[in-house]
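Worksheet for the structure shown next.
Derivation of every value follows stated rules applied to the coordinates shown; laboratory data play no part. No experiment lies behind these values; they were computed from the predicted model shown. Here the Cβ is made from the backbone with ideal geometry for all residues, glycine too, and neighbour counts use every protein chain on show.
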Amino acid sequence: MAEFQLNPSRNWLKPLVFVGLLLLALIAGCSLIKVERIDAGNVGIKVNLAGSGRGVDDITYTTGWVFYSPLSTAVYEFPVYTQHKEYEEFEVQSQDGSSFGVAPSLNYYIQSDKVDDIFRQYRRPLAAIEDGFLKTAVYEAYRVATNRYTADSLISNRGSYEARVKANLVGQLQGMGFNVQQITTKLEPPASLKAAIDAKNTAVQTGLQTENRIRQAEAQARINIAEAEGRAKAIRIAADAQAYANEKQQQSLTPLLVQMRWIEAWEKGGSAVPTYTGGNSSQFLMQMPPAGAK
C-alpha cells in the first residue's frame, strides 16, 4: 500500500525535471549564441578569440544582424561617418621657447576598407584609439608645427599655423585609414605675450577713438565755419540792400521835394524854419526854386 502511494509523486516529478533541464539548455544556448545588429554607417568586424583562427576574420560586416558565440568570438562596431573629438589643453613650445596652451578639436572619419587593419594593429575599440594613438598623433602634429614659429609669428599667422598642423596630421594618419577633415585650435599664449597683445589692442582702440574724435571735431569745425559764413553772407546781403535803398532814396530827393518837406516842417510850426530879421519885425526866408524847375 505504501509503494502505491509513492509512485504517483515520482510521476509528477518527471515533468518538472524535464522542464528544468529544458530551461537550463535554453539558458546555456543563449550564452553560447549572441545576436548583434550593426547599424547603418558602421562597420562590424568579427574577431576570433580562441583556436587557430584567432585574429580578425576575413569577413567584414557592413550592416545587419550578426550571430556569434561570445565564448569564442567578439564583434566590434566601428563608425565610418564623421567623428568629432575634442582634446583637453596641453602645452607646446614655439621656436623661441615660449609655451602655448592648445586645445584642439578634430573632425575625421575612418575608411571602411581600413577598419580591420586598424583593429588588427591596435586591438582596441575606436574610443580607446582616440584616447591613445590618435591623441599622441595630434600632440606630435602640434609640437612639430609650433616649433617652426616664433611666438609673434605664430600669433600673426594663425591660419598658416593650423594648415601646417593639419598637413602634419594628414601625413601621419591618412595612410592608416584616418581621413582628417578639419582641425581647429583654441590657442592660449603665455601670460607675458598675452599682456603685450592686450596692451597693443588697447593702444589700437585708443588710437581709433582719438581718430574718431578728431574727425568729429573737424566735422564740427566745418559746420561752424559754414554757419559763420552763412551769417556773414546774410549780413552782407542785408547791408547791400540797405545801401541800395539809401542810394535810391537819395536819388529821389529832388530840390522840389526838399522844398515841399521844408514847407511841411514850417506848417507844423517847427522852429527850424529859417527866418531873417529886418527892422522891427522878423520875416521868414524862403528860397524859391529857379525858373523852369519842376
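Proximity of backbone amide H atoms, modeled 1.01 Å from N, is registered between Q83 and Y108, Y109 at under 5 Å, excluding neighbours fewer than 5 places apart on the same chain. Spacing of the modelled spin labels on R222 and A245, each 7 Å from Cα toward Cβ, amounts to 3.7 nm. Rounded to the nearest whole Hz, the Karplus-based 3J(HN,Hα) values (6.51 cos²θ - 1.76 cosθ + 1.60, θ = phi - 60°) of region 143-152 follow the sequence 4, 5, 5, 5, 5, 8, 10, 7, 4, 5, with x at glycine and proline. Taking a 21 Å limit on the Cα-Cα distance, which of the listed pairs K135/K186; K85/K166; K85/K135; K34/K114; K114/K186; K85/K194 fall beyond it? Over 21 Å apart, Cα to Cα: K34/K114; K114/K186; K85/K194. Per-residue Cβ neighbour counts within 10 Å put W262, W65 in the sequence W65, W262, beginning with the fewest. Here the relative contact order of region 83-191, from alpha carbon pairs under 8 Å that lie six or more residues apart, stands at 41 percent. For the peptides 138-144, 95-101, the ranking by mean Cβ contacts within 10 Å, running from highest to lowest, is 138-144, 95-101. In a simple Cβ point-charge model (Lys, Arg +1; Asp, Glu -1; nothing else charged), region 83-191 has a dipole of about 260 debye relative to its Cα centre.
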